[in-house]
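Structure first, then comments.
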Amino acid sequence: MFQAKSIWILFLLGISMAYAQDVQFEVKISKEKIGLNERLRVIFEMNKDGDNFDPPDFANFQVVMGPIHNISQSWVNGKFKYSKAYTYIVSPVKKGKLRIGQASITIDGTLYKTSPKTVEVTAAVSNPSINKTADNVADENIHLVAELSKSKPFLNEGISIVYKLYVSPNVSVSNYEWAESPKYNNFWSQDIPITKIVAKTGTYKGEQYRYVVLKRVVLYPQKTGKLEIEPLLLNVSVDVPTNRRDFFGSRIYTQVIKKVAAGNLIIHSKPLPTEGRPANFSGAVGQFDFEVTASKSALNAGESLQAKVIVSGKGNLKLLDIPKLQLPAALEVYDPEVEQKVATTLSGMQGKVLHNYTVVPAYQGIYPIPKINFNYFDPKSASYKSIASEELIVDVIEGPTNNTQNTNTNTVNKQVVVANNNTFLFNKTSSHWLPVQQNYFFGSKAYYLWLLLPLLAIPIAWIVDRKQKKIAADVTGNKVRKANRLAKKYLSAAKKALDKEDAFYIALEKALHNYLKAKLHIETSDFSKDKIQQLLEDKGVSSDGVVQFLGLLKNCELARYTPATSSAMQSDYNQAVEVIAIIDKHL
């Protein structure tokens, strides 16, 4: 009995020790060597929430900004991931090797401490890496990146570019707009639409960031050599925290507009090798399958069949040439119908392209559909490959005979097809006519109805006129109806997304911005909170209306980082309807 209790106690101790080992509390610094006029970012990060955080005294440093408090929560592969950080921006006050002491925090009743850090401070540098201005903080914390799948593709080989905007937890982005989109000269290009902007967590140069995918495009180089892709430019509204706080103790943010670029991309397009290239190469690059099919193997003369030439797989399906179907002269063939079932993803074009031929035999006999060779270049093996279709036999059972032609020949030379009386048996040549019934309008019921219609319109017009005058006299009702129309106009998208948190707050924020643009005639670049407050107060809007409007904008920003309940979303929507009505009354 004693032994069983001991084992159970040891088991519980093992679990608690393993759980304690999962707790991490560490310090990170942006640089280990800085100039005297530079600034240092110090981040205290933990993977579990704690209490009684005690920072070091930062002896020999001056705290320029901080602490900036950030929390990140996510699910990765079914596992919950939590991160909490306190960030300080400090400036050294002297040269030498300066020590950053230990910080401590209590997590689940246990005290954890960070390890001390030593920073080497040299003489002042000409270009300090961290400045005090909000513009420099924004430059340092937002990055637009173009991720290229392959920089050295073959001619007509598919590549992809994904444009991502990385945002540090130290700042937030309230809005962005396209400044300039790249032109993909010498490329066949296709955008892959992004239906929803979703923020994700990731790393940029070893540091934790949030990022969103803004644009995805698939390219096929149409020229060899060095090809340049212009950068993507964005105007981004960045909210940078300051050391000031408002009356309620909330941190005050300053907004700056930054133009960020993804940088020029250089693609080196390689020519396809000449060694081993087939004489009838179609320009196909990728991995493909090829086949020729016929809808019938036996039929009568004058009937029709469908012969399909199909290329399927992954590659430049919309850019290649499909081999033509070669048939004996006794088979009349019409121009093919082209059908494309191609989907474009980040890995390139996938699907199939087919040519559908209508074939009508004129004489009875046995006719072969010869093999067709389809050649393509496989960039994975860097070699040419060839696929041959199977030979098909068409047996024309009944019909006139052609004594001048051997029906078993494999010739593909086109001859004039001699028409016969049975060629168009599949078309209808008889008609069924019905007698025309004579109906006279004069003296009919419709005639008298149209005659009385003007007399009936007089009382209807009188009733409508009275109703319009009554509505015009209802001043209060008109104001209510006008407010409802505005709410429906600007908030319809938000109302439809009440069950989706991210989509709701994005639509709500866009609706509020669009309303201000329409009413105050200001551009997106002027959407700072101070500017909005000043304009609304100048228009005579009540202080309650201004506070409610700015509060809604703040709720939209907070929704990017903290979850919201359905009741909170409904409350924000109702408040938006109310505040639009209040503001519109003054405007």
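In the neighborhood of N356, defined by Cβ-to-Cβ distances under 15 Å, what is the net charge if each Lys or Arg adds +1 and each Asp or Glu adds -1? Residues close to N356 contribute a combined charge of +1. Of interest is the spacing of the C-alpha centroids, which for the range 204-245 and the range 382-401 amounts to 52 Å. Could you state the number of Å between the C-alpha centres of the range 35-66 and the range 278-309? Centre-to-centre distance over Cα atoms comes out at 71 Å. The loop-placed GluC sites (Glu not before Pro) in the range 161-217, going by DSSP, include none that has at most 14 neighbouring Cβ atoms within 10 Å of its Cβ. Available extension along the chain between E32 and T122 is 31.3 nm, counting 0.36 nm per residue and deducting the alpha carbon span. With the cut-off at 28 Å, tell me which of the pairs K215/K270; K259/K585; K31/K79 have Cα atoms farther apart than that. K259/K585; K31/K79, as the Cα separations exceed 28 Å there.
Taking amide H positions as modeled 1.01 Å from N, with prolines and chain starts lacking one, the residues under 5 Å from E291 and 5 or more places away or on another chain are I310.
Bear in mind that the values in this text are calculations on the coordinates, not laboratory data. Remember, it's a predicted structure, so these values are computed and weren't measured experimentally. Using ideal geometry, Cβ is built from the backbone for each residue, glycine included, and neighbour counts are taken over all protein chains shown.
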